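I have placed the structure first, in the form of C-alpha cells, so that the comments after it can refer back to it.
Please treat every number below as a calculation from the coordinates, not as lab data. The model shown is predicted, which means the values in this text are computed figures rather than measured ones. Cβ atoms come from the backbone with ideal geometry, glycine included; neighbour counts cover every protein chain shown.
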Amino acid sequence: MGEELGLIGCLVVLALFTLYAVGAFHIIRKTRDPFIRVAAGGITVWIIGQALINIGVVLRLVPVLGIPLPFMSQGGTALLAVLMASGVLLAFARTLTAPEEPGKVAR
C-alpha cells in the first residue's frame with residue numbers, strides 16, 4: 001500500500017485505525033452492559049491487533065504470519081468477517097444513551 005499511496009496515504013490509514021480504536025474504546029467506556037463491554041473489547045483487540053501484526057510484518061519487526069490488513073484484504077472471508085464485526089460495534093454504539101442537556105427536566 002505504501003508503494004501506491006505513499007507516505008501521506010500510509011499516515012491516513014494509520015490515523016483511520018487510530019480513530020477506529022478511539023471510537024471502539026468510547027463504546028467500551030460509555031456502556032453499562034457487561035456483555036457489550038466484553039464483546040466490543042474482543043472485537044477491538046482482534047481488529048487493532050490484526051492491524052498491528054500486519055504493520056509489524058511490513059516493517060520487518062515480526063516474522064511473516066500471513067495476516068491481512070483489516071479492511072484492505074483482497075480475500076472475501078477476512079474482509080467479510082471484519083465488516084460484520086464492525087457492524088456489531090455499530091449496533092452496540094446505537095445502544096448508548098445520549099447525554100442529557102443541562103437545564104432539561106427528565107421525565
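Looking at the stretch 30-69 only, could you name the residues that are under 30 Å from R94 (Cβ atoms) and either in contact with an Asp or Glu (Cβ under 6 Å, 6 or more places away or on another chain) or not in a helix (DSSP H, G or I) (or both)? Passing the criteria: T31, R32, D33, I67, P68, L69. Against the list (1) out of contact with any helix residue (DSSP H, G or I) (no Cβ under 6 Å at 6 or more places or on another chain); (2) charged (D, E, K, R); (3) surrounded by 11 or more Cβ atoms within 10 Å (Cβ to Cβ), the condition R37 fails is (1). Checking the stretch 76-94 against the condition returns no match, with no residue being on the phi < 0 side of the Ramachandran plot and assigned to a loop (DSSP other than H, G, I, E, B). Restricting the stretch 47-81 to residues that are over 15 Å from G23 (Cβ atoms) and within 11 Å of the chain's Cα centre (by Cα), the residue that is surrounded by the most Cβ atoms within 10 Å (Cβ to Cβ) is Q50.
Within the stretch 82-95, being under 11 Å from I43 (Cβ atoms), exposed (fewer than 14 other Cβ atoms within 10 Å of the Cβ) and not aliphatic (A, V, I, L, M) holds for one residue alone: G87.
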